[in-house]
Structures are given as C-alpha cells and as structure tokens.
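Everything on this sheet refers to the single structure shown next.
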Amino acid sequence: MAETKGQKSRKLLKRLRDALAIEAEGQERLDRITSLIADAMSAEVCSIYLFRDARTLELCATEGLNPDAVHRTRLRIGQGLVGKIAADARPMNVANAPDLPAFRYMPETGEEVYSSFLGVPIQRLGETRGVLVVQSRDARIFSEDELYGLEVVAMVIAEMAELGVFVGEGAALSAPHTHPVVFRGTSAQEGSAAGHVLLHEAQIVVPDPVTDDVDREQQRLRNAIETLKGDIDDLLKGDIGAATEESRQVLEAYRMFANSQGWASRMEADVRSGLAAEVAVEKEQSANRARMARVPDPYLRERLHDLDDLSNRLLRLLTGQTVPTGDEVPDDAILVARNIGPAELLDYGRKLKGIVLEEGSVGSHAAIVARAMAIPLVIHAEKVTREAQNGDPILVDGDQGIAHLRPEESVASAFRDKIAMQQEAQQKYRSIRDKPTITRDGQRIRLYMNAGLMADLPSLESSGAEGVGLFRTELQFLIRSTVPRRGELARLYARIMDSAKGKRIVFRTLDIGSDKVLPYMKREEEPNPAMGWRAIRLAMEKGGVMRMQVQALLRAANGRPLAIMFPFVAQFEEFTEARDAVLREVEREAALGHEVPESLEIGAMLETPSLAFAPDQFFELADFISIGGNDLKQFFFAADRENERVRRRYDTLNVSFLTFIEQIARRCTDLGTPVSFCGEDAGRPTEALCFAAMGLRALSLRPASIGPVKDLLRRVDLSEARAVIDMARASGAQSVRDAVNTWLATI
Ligand code: PEP
Ligand code: MG
C-alpha cells in the first residue's frame, strides 16, 4: 500500500529528530540534515540558506553542491531564485531553473547542471529566516506532496534553530538570543530605565517540534480550538459583544475563523504529518502573516490581522501562558511588544519601568497613556519581539529612542551612570518643587500639568504643578469598551476634584475622532480624519454625549468652581454654540435644584490657525484660551503629527511658528484673555523658555517635565532670551534653536 503524505512526512521528521538527537556540533547537524532530506526526497541536492544579516542569505550547508561554496556563497534578498523565495515568502517549484531569467549563476556551487528546483522559505512566527532547497538533474516539477513535506521540514528546522541546535564551533549560526542587540527606534516618552524583558505576546518555545503521538497532539489541538470557540462565545454574550457594534463585528470575525473548517483542518493535517500542535499553529500563522504583507486592501488586511490575533490566543491556550496584570507584573519589567492598545497598557499599570514597541506612533493613545504614566517609551524598534526573550536584561533610553537588549557590561555601567545623574537632577528638581517659577528678571510663569487619568492626580503634589491645565477626558472613554454612564463619570470627576484639593483643573470636553477612535463608536470612513469630523464638530452634532459629560462635571463640582474648555474650535460660532449648550445645562441643573458652580470658566483650545484671527468678540467672550500646540503645529506647517517623517521636518522653534505664538499671546494680552500653552512642546525646557520669551505666562505640561522646565526658567533672564531670539529672527535664520542653545551654554 502506498504511504500517505502524512505517513511519509512523519517518517522523515522522525529521522530528522533522531539525527539531531546525536551529540554533534551545529555545522555537522546542518550537514546531516541536508543529506537526510536529499536522500528522503530522492534529490541530488539539498541546501540550507540562512540569513547572515537582515539582507544577506548565506549557503550554510549542502548535500550535492560544491562543499567549498558553503559559507562563501551569498545572495542579497531578492537576488536569484533563493533570494526571491526569501523576499516573497513563497515557495518556488520549477522544472528548468537555469532557464529562468531570475536564475543567478554562481560558478563556485556547480549548480548549473541541476534542472529541477524546489525551494521553500524557512519561517518562524511569520519571519523568514532562510530558504530550504532541493534540486535534481532531471527536469521535473516536484509533486504537491513533496512540496508539502519540504514545508513541514522547513518548519522544524526553524524551530530547531530557535532552540540553538545548530550552534557550535565553526557552526553556521551564532547562538540565538545571547548576543547584545541595539535597537534604534524613535522616542515617544523620555526617561531611562533598566530592567528585564516582559513580552506582551506569548513567547513560544517548543521543546520538541516533532510529535511521537499524533493522536494525543491532535486531541490537544482540538481541545484548544474548542476552548477558544467557547471563550469567543462568552465574550459575545458578555458586555463587549452586547454593547458595541464594532467589537461585536471583530468577535464575529473571530468566531467565523475559529469555526472555519479550512483553518482547523490545515492545522490538523500538519499535526498528522508529525508536527507538534504549537508548530502547526505557527505554520498557519506564518502563512497568514506572509499573506497579510501582500494584501493591499485595508479591510482584508484587518481581517487577516484578526486571524493572527486568533492564532496568538490559540498559542497561549496550548502553552498555558497568561498575561500578568497589576501586581503580577515583575518589579523591573520592561514591556516588549509589536504594538499595544491603551487599555492593555493600563492593565499592566505603573509597575512597568519602560516600554519598547516595534510599531506605534508618537501621537497614539498608547503613547499618551505611557506619557501620562511617565514610562519611558521607544517605538519603531524593528524586530525587537523576535530577538527579546522573557527575562532578558534590557536598557531603555527614551531620550534617544534606543533600546539595548542584553547589553555589554560597559554599556550597562554607562547607562547606570546616566540614571544616577538623572536621579541627581530629580533631587535638584525636588528642592525647587515648592518654589514659584520666577525668572531672573522677575517674570512669574505658571506651570500646570496635563492629565487624563485618576492615576495622574498624585503627580499634582509631587511635581509642584499649580493645577491641571489640561485634563483629557477622552482617555476615560477610550480605555473602556462601553460608553461610561453619567453617574459613574460624575463620581470619577468628583474624586479628581477632591484629590486636587482646590487647585484649578481645566476639563477638556471629549476630544474624539481623528486617531482617537472609540471602540464602541461606529467609525466614519474619512479621507482625512485629522481634519475631519472630530472633537467639537462631532460633539455638537452628537449633542447627547457632551450634554451628559457636562452634567457629570456640574454634579461632580457640586457648587465648587469649574473650568471647561472645548477642543479644536475653528471659528467663533462653534465656541458660542458649545458655550450656550453648557449654559443651558447649568440652568437645567439649577432648575432641578442641584448646586451650580460658584464660578464657571468656559474656554477654548486654539488648535487651528483660523481661531487666532477670530473677531475680538471671541477673545472677549472666552474666559481663557489654551493653545493646543500639537494640533496647531500640524496645521500651521501642514505636517501630520503622527507621521514621523514630516513631523520632524519642522522645528517648533522655527521663526514663523514662534512669531505666530507671539501674535496670539499679544492679542490675548491686549484683549485681556488669559492664555496658556498645553501641547507637548511646553514640556521641553528650551521650547518652554522661548514660549515664555514670546509672552506666554502659563504652560501646561507633563508632570515629569515640570522640574526641568522650572529649573531652566528660574535661571534665565527672559528679556535677554528675547533679545537673542530677536537677533536670530532678524538674521533670517529658519529656527532660533541654535542661537538660543549657544546663549544657554553661556549662562
Ligand atoms: C494639542 O493638540 O496640543 C493638545 C493638547 O491636544 P491633543 O494632543 O490631545 O490633541
Ligand atoms: Mg489637540
């Protein structure tokens, strides 16, 4: 009776495992594998190419090609058939390889005599690590079964490489996860931290990628899929599923995939071929990630993303891993993840000492939450999740946007010195915490802090802030899966006011839309969401939520003074409309017999250049104005704040922008409207100094930045700073930064 494809591949995998079980150096093992595969597949040649660096593949072992070519033959990714397989993450099966235009003749290998060519990517968790090739003289196409068999073997090679099986004297591979690696990313929150890696995604280590007991393995896989389906059904029945259409859709998609016969049966077939259940899931996940990279349609890509997430859940179930939250988080944990949502980040809590992400953006909500919690954050650390393992030592340099994984002692000790210096500086900041911010020429600057969570409030005291200049109320909405209720919000706002102990808090009404998408709100597809239906535009059209929020604020104040401001006001009328809506609520509360605030300030954020040119009446009616520099700068320079490439092009200290800030400050002063600046730039000492020199007397910034900003402001003479800026402006410089820094070095 002919062997089935499962039996054949099981036999080969078993031979492979037996061969690898024998004590040997890594290179010998690789050599043994190639000869074994060539023999099992009746091919004259079998070769393994592995990545030497991110772009170069190297012939690491061969049966059949010239042995002298091993470790000498190298290909760039995309070059030749092997390079193409690695670039596309797709197999290639051809009868006459030397005839193909992509074929690259490498004389040292002697491969031109082989016609047929079958190559598959060696992948792990969607990452291509090399290419496995068989070749033979006769011009034939390899069968489907042979292709499948080679893919399964490639999976096992990838797992074995991960386990360090091929390491040793003269070996092709250096030991995985042992060397220092530096990741150069982007800074999303300053500060330094040293600690140990905590991986957000499940870390899959499969001690034996080949199974002996196919039935047991199949049962393990089936049980895990059943549990997964049950979990999804529970979620759908629970709060999340019932309350929101968007999350419901995602869960329905999960359910569809989990129930899809194709998905389960492909993984079962892999197990029948001799793979451990985890490796079967990984194989499917790798194929899916390769598809995801090729799909241009965003909707389809999102669905494939769902499937990826589902594979992660399944891997967690199979390996029994759970995510630590709150107190379970180890003491010196540095979170390492591909990406993370704000809610998940809050689950980990403040115990995290640092965060390193492969993706993410400076303006994302995870970044805002990390900033609110003052956790150093590095984003765009390419491939960090592939390299890092739970418990690895890691240093996060949030100032430079660099992470050092498994650092050398010299780097670690220099880093310890840097942290010590920062702590010393903190000491100095603490000593001036309760002193007022008065410049050497007697100008009083008020420093407030930005906040968005109840957990931020203790910083009010520890930072010495005079109040909260911006409370981003949307964070409460963003981190939840359903709309918060009025009573609940009122209790929360009351607690926030209580802990401020009478210091002023400026509550900004819900600023959603743009990148801030509520999980339970139907997203409107817009070509340009940052300039679209967002913030006050959305709030006024969907009046219910803002009314509810204002009622909650009025009840929370319960007679105490209250300050409210509206985000993203672009013209006078928007302000009067929103202001009238608030005043109506005050009247309504009074009519219901509830206490109304003893004083009520209603202000506007100036985040679009248009508002700077609004009629005088606007400035007279607004009780205060807060410059939202993050948005204002993006619209002033027409440079997306979330697009690192263009964002970095325009300096905040560009003379045009500073002159614009100066004009706003002057107009507010002339018309008697209190004005402050609450964008992220206020937290950078040099920027803060220049804003003050332009006439601003109130800034709202991250609590951790108050010390450094206050320290600098107390040491400078603002009129001198002003003279330096004026000179730089007169010289035609594009930015005043160099001039100001040169001057600062002399004081
Ligand atoms: C701003 O735009 O400067 C601002 C403070 O608002 P947000 O960053 O929340 O958009
Ligand atoms: Mg804004």
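The values are calculated or read from the model by the stated rules, or taken from the named source; none is laboratory data. Keep in mind that what you see is a predicted model, and the values were worked out from it rather than measured. Reconstructed Cβ throughout: ideal geometry from the backbone, glycine too, with neighbour counts over all protein chains shown. Accessible surface areas use protein heavy atoms only, side chains included; no ligands, DNA or RNA. Shrake-Rupley method; radii C 1.70, N 1.55, O 1.52, S 1.80 Å.
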Using the Karplus curve 6.51 cos²θ - 1.76 cosθ + 1.60 with θ = phi - 60°, what ³J(HN,Hα) values do you get for each residue of segment 98-105, in whole Hz, with x for Gly and Pro?
x, 7, 6, x, 6, 4, 10, 7
For segment 5-163, the percent of accessible surface on carbon and sulfur atoms (probe 1.4 angstrom, ligands and nucleic acids excluded) is 47 percent
Enumerate the whole-percent occupancy of each 10 Å bin, from 0 to the last occupied one, for all C-alpha pair distances of the chain.
3, 12, 20, 21, 17, 13, 9, 5, 1, 0
Measure off 7 Å from each Cα along the Cα-to-Cβ vector at residue 669 and residue 537, then give the distance between these two points in nanometres to one decimal.
3.4 nm
Quick one: 3J(HN,Hα) in Hz for segment 148-162, Karplus 6.51/-1.76/1.60 with θ = phi - 60°, rounded, Gly and Pro as x.
4, x, 5, 5, 5, 4, 4, 4, 5, 4, 4, 5, 5, 4, 5
Rounded to the nearest 20 Debye, what is the dipole magnitude of the chain about its Cα centre when Lys and Arg each give +1 and Asp and Glu each give -1 at the C-beta?
1520 debye
Tensor-based shape of segment 5-163 (alpha-carbon gyration tensor, a/c under 1.5 rounded, otherwise prolate or oblate)
rounded
Estimated FRET transfer efficiency (residue 422, residue 196; beta-carbon r; R0 22 Å; 0.05)
0.65
List the relative contact order of the chain as a percent without decimals, with contacts defined as Cα pairs under 8 Å and 6+ residues apart.
10 percent
Quick check on my link table: of 633/710; 8/383; 283/353; 351/633, which ones sit more than 26 Å apart, alpha carbon to alpha carbon?
8/383; 283/353; 351/633
Amide H within-cut-off set for residue 605, under 5 Å, with H built and near neighbours excluded:
566, 568, 569, 626
Counting only DSSP beta bridges with both residues in the chain, what percent are antiparallel, rounded to the nearest 5?
55 percent
By how many degrees, 0 to 90 and rounded to 10, does the Cα axis of helix 486-500 deviate from the longest principal axis of the chain?
70 degrees
Net lengthening on full extension, residue 212/residue 746 (0.36 nm per residue, minus Cα-Cα):
184.9 nm
If I model a spin label as a point 7 Å beyond the Cα along the Cα-Cβ vector, how far apart are those points for residue 501 and residue 717 in nm?
3.8 nm
Would you calculate, for the chain, the mean residue ellipticity at 222 nm contributed by helices, counting each DSSP H stretch of 4 or more residues as -39,500 (n - 2.57) and dividing by all residues, to the nearest 500?
-14500 deg cm²/dmol
Nearest-0.05 FRET efficiency for residue 350 and residue 322 at R0 = 25 Å, using Cβ-Cβ distance, is 0.80
About its Cα centre, what dipole magnitude does segment 440-731 give when the only charges are +1 on Lys and Arg Cβ and -1 on Asp and Glu Cβ, stated in debye to the nearest 20?
740 debye
Once the dipole of the chain is set up from charges on Cβ (+1 Lys and Arg, -1 Asp and Glu), the residue from the list 415, 273, 121 lying farthest towards its positive end is 415
Which whole-Hz couplings ³J(HN,Hα) result when phi for each residue of segment 269-285 is put into the Karplus expression 6.51 cos²θ - 1.76 cosθ + 1.60, θ = phi - 60°, listed in order with x for Gly and Pro?
4, 5, 5, 4, 7, x, 8, 5, 4, 4, 5, 5, 5, 4, 4, 5, 5
Rounded to the nearest 0.05, what FRET efficiency is calculated for residue 39 and residue 332 with R0 set to 56 Å and r the Cβ-Cβ distance?
0.65
Working out 0.36 nm times the residue gap between residue 163 and residue 112, then minus their Cα-Cα distance, what length gain in nm do you get to one decimal?
14.9 nm
Counting only DSSP beta bridges fully inside segment 440-731, the antiparallel percentage to nearest 5 is 5 percent
Taking amide H atoms as placed 1.01 Å from N in the peptide plane, list the residues 5 or more away in sequence, or in a different chain, whose amide H sits under 5 Å from that of residue 735.
655
Where q = 0.13, 0.22, 0.25 Å⁻¹, what log10 of I(q)/I(0) comes from the Debye formula for segment 306-386, counting one point per Cα?
-0.42, -1.13, -1.30
Taking Cα atoms of segment 440-731, Rg/Rh with Kirkwood Rh, to two decimals?
0.96
